[in-house]
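Peer 1: Quick one: structure below, then a few questions.
What follows draws every value from the coordinates through simple rules; no lab data is involved. None of the values given here were measured: they were computed from a predicted structure. Using ideal geometry, Cβ is built from the backbone for each residue, glycine included, and neighbour counts are taken over all protein chains shown.
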Amino acid sequence: MSFKFRFTVVALCALSLTGCVNREQADTKLAKGCAAAAGSLLPEGQTLGEVLEKKSTPSPEGPNYRHITIKVKQMDGWLEGDGTYDCTFEEDFGFLNSQYTGSIYQFKIGDKVYGQAGKEVMGTAEEFIKITDAVRKAMYE
């Protein structure tokens, strides 16, 4: 075998071992983005605490979508409670899972929906931009 061939095989093996993003890592990143989306729409004076539970499932939107449900502790300075939030993300794994990107597709608080629902856009553009900016910052900065 030639040196170039052996070097290429070793380089591909190293890349596949060190650069892979697995499903669990991607779901953790999405849960962080979902919490940021929730925090971006809270009324002034309210804050989010720790994520108590997270559930990740394939989305009915299609194979490149992921549904995340988080249960988070909420605080308003006087009272603490739990809030449940649902997010759907469009996601993409790069070649050999060497990179991962996810972007918010839909965000739900109770019966209020932001983003897309089928072919319809829900909520205002300003609200969705606020959510998108918070998610991007939480997931990639």
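Peer 1: Can you give the charge dipole size of region 20-140 about its Cα centre, rounded to the nearest 20 debye, using +1 on the beta carbon of Lys and Arg and -1 on the beta carbon of Asp and Glu?
Peer 2: On the way: 14 positive and 18 negative charges, 54 e Å.
My answer is approximately 260 debye.
Peer 1: Sticking with this one: Label-point separation (nm) for Q74 and E120, each offset 7 Å from Cα along Cα-to-Cβ?
Peer 2: Once both label points are built, they end up 2.4 nm from each other.
Peer 1: How large is the convex hull of the Cα atoms of the chain per residue, expressed in Å³ as a whole number? It would help to have the intermediate numbers written out before the result.
Peer 2: Values: hull volume 19.0 nm³, N = 141.
Per residue, the Cα convex hull of the chain comes to 135 Å³.
Peer 1: List, in order, the whole-Hz ³J(HN,Hα) value for each residue of region 94-99 obtained from phi through the Karplus relation with A = 6.51, B = -1.76, C = 1.60 and θ = phi - 60°; use x for Gly and Pro.
Peer 2: These are the phi-based 3J(HN,Hα) values: x, 3, 6, 6, 6, 8 Hz.
Peer 1: I need the peptides 40-53, 121-134 ranked by packing, meaning the mean over residues of other C-beta atoms within 10 angstrom, with the highest value on top.
Peer 2: Result, highest mean first: 121-134, 40-53.
Peer 1: Under 8 Å for C-alpha pairs, at least 6 residues apart: give me the relative contact order for region 13-141, rounded to a whole percent.
Peer 2: That works out to 25 percent.
Peer 1: For the chain, how many pairs of lysine residues have a Cα-Cα distance under 17 Å, where the two are 8 or more positions apart or belong to different chains?
Peer 2: Taking the Cα cut-off of 17 Å, the pair count is 23.
Peer 1: Students often check this: by mean Cβ neighbours within 10 Å, which of 54-60, 73-79, 106-112, 30-36 ranks highest, and how do the rest follow? Could the numbers behind the result be given before it?
Peer 2: Numbers: 54-60: 13.7, 73-79: 11.3, 106-112: 15.9, 30-36: 23.4.
So the order, starting with the most tightly packed, is 30-36, 106-112, 54-60, 73-79.
Peer 1: Let me ask something else about it. Zone of L42 (label point 7 Å along Cα→Cβ, backbone N under 19 Å): which residues in region 63-91?
Peer 2: Hits in region 63-91 for L42 at 19 Å: 69-87.
Peer 1: Now, a different point. Once whole DSSP H runs in the chain are found, which of them have Cα atoms spread over 24 Å or more along the helix axis and a mean Kyte-Doolittle score of at least -0.5? Mind showing how you got there, number by number?
Peer 2: Details: long enough: 23-40 (25 Å, -0.44).
The qualifying helices are 23-40.
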